[in-house]
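Data block below; observations after.
Readers should treat all values here as calculations from the given coordinates under stated rules, not as data from a laboratory. Note that the structure is predicted; figures quoted are calculated from it, not measured. Note that we place each Cβ from the backbone using ideal geometry, even for glycine, and neighbour counts take in every protein chain shown.
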Amino acid sequence: MSVVAQESAPEVVVTAKPAGTRVNPIWPSLSIPAIVWQLMFFLLPIYVVLSLAFGDLDPIFRTSIPIWNPLNWKFEQAQFVFDNVFGGFYMDPLIRTFLFVGIATTLCLVIAFPVAYYTARYAGKRRGILLFLLLAPFWISYMMRMLAWVNLLQNDGLVNSIITLGGLLGPVDWLSGRPYTVIGGLVYGYVPYMILPLYASLDRIAPNLLEAARDLGASKFDVFRRVILPMSIPGIAAGSLLVTLPMLGDYFTNDMLSSSPQTSMLGNLINTSISTPGGAGKAAVLIILLLLLLVGPMIWYVRTTSKSEGLRT
C-alpha cells in the first residue's frame, strides 16, 4: 500500500487595512513647503496680474491702478487688448510668435535627438564628458551668449568674414530684422533644454528590447519607428515643453539679434507695454493671454506622461 504525499499550495494571506486607520500626519505635512511656495510665487503673482489687468487707469498721471476686489474689476483694458489681438495691432506679433516658436522647437528636436541618442547609446566612457559639454552653456549668462552671437553676426564679424571670402563679396546684414536670425538665436539658446530630457528618456530604453526587435527581423528604421520613437515620446514631450514655454515669453533674443518691429513677438509687446506709461494694465492682459496659450502645451504634456506611466504599470 503506497502512500502518496501531496504538497499543499502555500496560502496567500491578504491583510486588509482596517477602516478608519489614521494616516501618519508627518507625510501630508511634507507638502506644506510646496503649497506655501505655490501660494507665494504663483497664485499671489497671478492675482496681482489679474488685479492690474482688470484695474483702472489714473486719468491724470496715466498710471495703472490695480483693483484688489474682484467684484469691482473693470474690463475696458482687456476688451481693448482682445479687440487688437483679433484683427488689430497685436495680431501680427501673435502669429509671428507661434511661427517662430514652432520652427525653433522643431529645429531643437531635430538637432537634439541625434545628440541625445548618441550620448545615451554610443558614448561609452565619453558619456560624462559629453554631458559636461551639454551642461556647460548653463554656466554662462544668456545675455553673454547672445552678445557673442551679435559679435559673430555683425557686418565685420567672423561669419561675414567667412562667407564673403574676407570681404571680397558684400556682407549679409544679419542683425537688421531677419526672422531666421531670431529663430537661430532661439534654437541656440534653448536647445540644451531639449537634449537633456531626451537623453534621460533614451537612456532608460533597455538594450534588450532593441536586440529583440532586430532578432525578430526588424530593420533599423523599423526599430526606430516601432521601439525607440514611441518609448522616447515622454522625453520629447518634456523637452518640447521646456523649450516652448520660455520661447513664448522670450523678448531678449529678439531685442539683441534684431530689435526690429518686423520680428517682434508677444514677449516684446509685454516688455514694451510695461515700460510705457499707463501700459502695465495692457501688459497684464497680454500676460493672461500668454498663460491661456500655454494651457495647450501643458495639457498635452500631462496626457503624454500619464499615458506613458500607464503603459509602465
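Near Leu52, once Lys and Arg are set to +1 and Asp and Glu to -1 for all other residues with Cβ below 15 Å from its Cβ, the sum equals 0. Of all stretches in the chain that contain no GluC sites (Glu not before Pro) in a DSSP loop with at most 12 other Cβ atoms within 10 Å, the longest one is 12-313. Loop-resident chymotrypsin sites (Phe, Trp or Tyr not before Pro) (DSSP state other than H, G, I, E or B) in the stretch 75-172 with no more than 11 further Cβ atoms inside 10 Å of their Cβ: Phe75, Phe86, Phe89, Tyr122.
Going by a ≥ b ≥ c, the root eigenvalues of the Cα gyration tensor, does the stretch 195-313 fall in the rounded group (a/c under 1.5), the prolate group (a/b larger than b/c) or the oblate group? Prolate.
Sparse packing (at most 16 other Cβ atoms within 10 Å of the Cβ) combined with a DSSP loop state is found for the following chymotrypsin sites (Phe, Trp or Tyr not before Pro) in the stretch 198-278: Tyr251.
Shape of the chain from its Cα gyration tensor (a ≥ b ≥ c, root eigenvalues): rounded if a/c is under 1.5, otherwise prolate when a/b > b/c, or oblate? The shape class here is oblate.
Among the trypsin sites (Lys or Arg not before Pro) in the stretch 137-221, those placed in a DSSP loop whose Cβ has at most 15 other Cβ atoms within 10 Å are Arg204.
According to the square roots a ≥ b ≥ c of the eigenvalues of the Cα gyration tensor, what is the shape class of the stretch 234-282, taking rounded for a/c under 1.5, prolate for a/b larger than b/c otherwise, and oblate for the remainder?
The shape class here is oblate.
Residue order for Tyr180, Tyr190, fewest other beta carbons within 10 angstrom first, comes to Tyr180, Tyr190.
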